[in-house]
1. Filter segment B:135-150 down to residues that are open to solvent by 10 Å² or more (accessible area, probe 1.4 Å) and away from chain A (no Cβ under 11 Å) and give me whichever is farthest from ligand 2 (Cβ to nearest atom).
2. For B:Gly39, all conditions in the list (1) more than 16 Å from B:Ala211 (Cβ to Cβ); (2) within 11 Å of ligand 1 (Cβ to nearest atom) hold save one; what is the number of the exception?
3. Pick from segment C:78-92 the residues that are open to solvent by 10 Å² or more (accessible area, probe 1.4 Å) and among the polar types (S, T, N, Q): which of them is nearest to the other protein chains (Cβ to nearest Cβ)?
4. Just to check your reading of the model, which residue among B:Gly212, B:Gly184 is away from ligand 2 (no atom under 16 Å from the Cβ), over 16 Å from B:Ala146 (Cα atoms) and modelled with pLDDT of 90 or more?
5. Which residues, counting only those in segment A:198-225, are away from every other protein chain (no Cβ under 14 Å) and under 17 Å from A:Arg282 (Cβ atoms)?
6. Just to verify a result, which residue in segment B:19-35, among those that are near ligand 1 (Cβ under 10 Å from one of its atoms) and buried (at least 21 other Cβ atoms within 10 Å of the Cβ), is nearest to the other protein chains (Cβ to nearest Cβ)?
7. Give segment A:56-71 a look and list any residue that's within 16 Å of C:Ala110 (Cα to Cα), within 11 Å of another protein chain (Cβ to nearest Cβ) and free of Cβ contacts under 8 Å to residues at least 12 places away in the same chain, or say none.
8. Which one is farthest from ligand 1 (Cβ to nearest atom) among residues in segment B:196-218 that are farther than 20 Å from B:Leu17 by Cα and open to solvent by 60 Å² or more (accessible area, probe 1.4 Å)?
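The values are calculated or read from the model by the stated rules, or taken from the named source; none is laboratory data. Just so it is clear, the model here is predicted, and its values are computed rather than measured. Backbone-built Cβ (ideal geometry, glycine too); neighbour counts: all protein chains shown. Keep in mind that these areas ignore ligands, DNA and RNA; they rest on the heavy atoms of the full protein, side chains included. Shrake-Rupley method; radii C 1.70, N 1.55, O 1.52, S 1.80 Å.
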Amino acid sequence: MTVHPDTEAVAPAAATGRTRRQAYEARVRRRSTAVAAASTALVVLAIVTLVPLAPGWEAVKRSFFNGEVFAQTFPTLVQAFLWDLAIFAWSVPMITVIALAVALARDARSPALFPLKLFGMLYTDIFRGIPVILVVYLIGFGIPGLGLPRPWNSPYIWGTVALVLTYSAYVAEIFRSGIESIHDSQRAAAASLGLGRADTMRYVVLPQAIRRVVPANMNMLIALQKDVALLSFIGPVEVLRQAGVFKSLLANFTPYVGAALIFLAVTIPATRYADYLMARQRRERS
Amino acid sequence: MLEMQAVTKAFGDNTVLDHVSLEVARGEMVCLIGASGSGKSTLLRCLNLLEPIDDGAILLDGQDISEPGLDPDPVRRRIGMVFQSYNLFPHMTAEENVMLAPRRVRGRTRADLRPEVAELFARFGLGDRMQHYPDQLSGGQQQRVAIVRALAMRPELMLFDEITSALDPELVGEVLDVLRQLRGEGMTMVLATHEMKFAADLADKICFLDAGRIAEQGPPSQIFEAPQKARTRAFLSRVL
Amino acid sequence: MTRTTLLSGAAALALSATGAAAQNACTTGNTIEDGVLTIATGNPAYYPWVMNDDPESKEGFEAAVAYAVANEMGYSDDQVVWTRSSFDQAIQPGAKNYDFNLQQFSITEARDEVIDFSVPYYSAAAAVLTRQPTADAGATNSIESLSGLKWGAAASTTAPTMIENLIDPEDPLLLYDDSADVVEAMKANQIDASLFDLPTALYLSAVTLDDGVLVGQFPPALSENPDQFGLVLAEGSPLKTCVDAAITALEQDGTLAALESEWLAGATGVPVID
Ligand SMILES: Nc1ncnc2c1ncn2[C@@H]1O[C@H](COP(=O)(O)OP(=O)(O)O)[C@@H](O)[C@H]1O
Ligand SMILES: [Mg+2]
């Protein structure tokens, strides 16, 4: 270690094993952390002191943040949320398969497959154009209304179908954008090796495309997790409905706050994870 | 072995190959030289049917492979190609990159392929890089893996499109060494290249492409030492 | 001209002087808009509570009751103004844009903490609505038979609690936003039965369902607190005493019973569940 005699400031930094730049960056980091903490504390303090001063606060607190009601209803809400998780869990694989099939259909080049391509196009246009709740109502009540025997008319089945159809349309578009984002040179390389179109898609294009759209699909999954609650409109008593029942029963909105907390407990980590994936991908690309 | 007869190719109004005729004999090494945009890449892409040609014919061992509507896959299996930007599959290890086509196209198993693939890697100094992903390899190593990948299909003819152009200067040598090695083994090769010294040393024939036409072709001694055409002389004076 | 005005003014004075002292507080100063009684109902309001979604016609049980209460409080028909509100709006804390609200609000203790209820103007029996195929398949008015059915109900009513407590069905209860959706699920054969207050059940079986059947009704003794409908007022509303006095008077002089038989007729003939 050589310390230049007339740059003494360097010495301490060098002694701790850090470069001048690292020492400087650490200083800046410490300062911005302190500023961020202070300003956050100030904002929280302002909310905590100012909101209770509002004239309606007492009434709002009783209606929305009632500890007693919360304790009484929360365990049942969590139980009802298991339905949301179950519906979510069995929808995701179906969405993946159908979306992939539709994306591939839309990519079809052979004229014999034109009907398939047309179908894929109509399908994505229609289901992306209708609000989910309408699809849930129309399919959830409409198809069983045709006279299907039990248990095949179950609202769980047709509600799931509605969600799967809608979300597959969105996810198919995401897959398609992923497929299109793979540079032509990858296809050329595969073709030059004598790989056919199907093999090129399956082994070269799709694995890269799917990886590339993972963050976008994470966001779809988060939206799906929330939209599962729409099935409550056609019967199933999942967390949103259970909260609504409690609300009517107790004339109190705290169960809704409880339900929101349950959703957040799942969606916030998922959102963070999606953002992390997205950021990592940006770093890799650059 | 390979013969181009008055091949013409246009992108819209832009005629990129204009009545190009060229012959490559078995075991020969032919180098395409010419300014950027003169049509070298397009010529190579036409040879393994990545681009359909508009007119003329391409014969491989006497068979017309440029017949419109012909299934290109069997032809491509006989012709290997290596690209300027490597085009390795980034989601696969070097070994998987190499094994993919033999497995899918020739129906071979990994176990069955392993010894010969390992031998190929070793032959080109990549014995310890088989399990690496492309982004863990240097440019020179990636390009050598790309060559191994093409060779694993046991092609009769290899096309190289400026395969050293994207490399740092100190890595060019290792890739040219591979070409030398292949040349020594008697591989038939068509190269687009800017490595004039290399071309002069090894090529059997040099083709100077100018605006989609073969302006001049002949043995290196003729092209480099006694070019007939003014355009050839102008080009060479710029690059040499 | 002047004389008659003076005269009628004096007459009015005399009238209000002879009326109960409460009537002053009922007609002045305590309503949203002075001299006007603003009454809210659902959007839309349904038969047989309000005919043709037109409360001003005074037709339908709740429309008629509303005018009877208003008159009893000292308002003329012209002084009644109608507005609309949703269920949620009605039980939210905060200011109200009506003097009272009636749309079959069941009186419950919990709701009473946030809003005020009048004394009940109607006590509804709860009736089981099914469809003919279910009845043909052997559904009867016994708890045992009923608990084997698939049940659904409108979520924001007291029906879900009553079904769980009184019938305790074997399959999980399905819940819906409103009675229209319950009926839709019944048509889709996703549920066999639901519980409605008797007038609604009668309406649904007669009008909405082609093959609706009422297989039974709960006697008040079996249900812990038979559904009673009350007018909803803002928490601490000064009108509550006036409204209560008016309803009590209408009850005692038989007006409510008369309106009930006029508008909610046919409430008989449904067997009691045992
Ligand atoms: N896919 C394509 N579409 C349109 N024009 C192209 C395409 N590929 C190449 N060209 C054009 O063809 C000409 C020759 O290009 P190229 O064969 O790449 O030349 P070189 O490899 O000698 O630099 C250029 O003018 C280029 O713009
Ligand atoms: Mg090129």
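1. The extreme case among them is B:Gln136.
2. Going through (1) more than 16 Å from B:Ala211 (Cβ to Cβ); (2) within 11 Å of ligand 1 (Cβ to nearest atom) one by one, B:Gly39 breaks only (1).
3. Within segment C:78-92, the first condition is being open to solvent by 10 Å² or more (accessible area, probe 1.4 Å), and the residues that meet it are C:78-84, C:86-89, C:92.
Narrowing the set further to residues that are among the polar types (S, T, N, Q) leaves C:79, C:83, C:86, C:89, C:92.
Numbers: C:Gln79: 31, C:Thr83: 21, C:Ser86: 12, C:Gln89: 13, C:Gln92: 7 Å.
Selected residue: C:Gln92.
4. B:Gly184
5. As a first pass, look at segment A:198-225 and keep what is away from every other protein chain (no Cβ under 14 Å): A:215-225.
Matches in segment A:198-225: A:Pro215, A:Ala216, A:Asn217, A:Met218, A:Asn219.
6. So in segment B:19-35, the residues near ligand 1 (Cβ under 10 Å from one of its atoms) come out as B:32-35.
The next check asks that each one be buried (at least 21 other Cβ atoms within 10 Å of the Cβ); those that pass are B:32-34.
Working: B:Leu32: 17, B:Ile33: 22, B:Gly34: 21 Å.
Filtering first and then ranking leaves B:Leu32.
7. If the condition is that a residue be within 16 Å of C:Ala110 (Cα to Cα), within 11 Å of another protein chain (Cβ to nearest Cβ) and free of Cβ contacts under 8 Å to residues at least 12 places away in the same chain, then A:Ala59, A:Val60, A:Lys61 are the ones that fit.
8. In the first step, residues of segment B:196-218 are kept if they are farther than 20 Å from B:Leu17 by Cα; the result is B:196-204.
Next cut, open to solvent by 60 Å² or more (accessible area, probe 1.4 Å) only: B:197, B:201.
Details: B:Lys197: 19, B:Asp201: 22 Å.
Of everything passing the filter in segment B:196-218, B:Asp201 is farthest from ligand 1 (Cβ to nearest atom).
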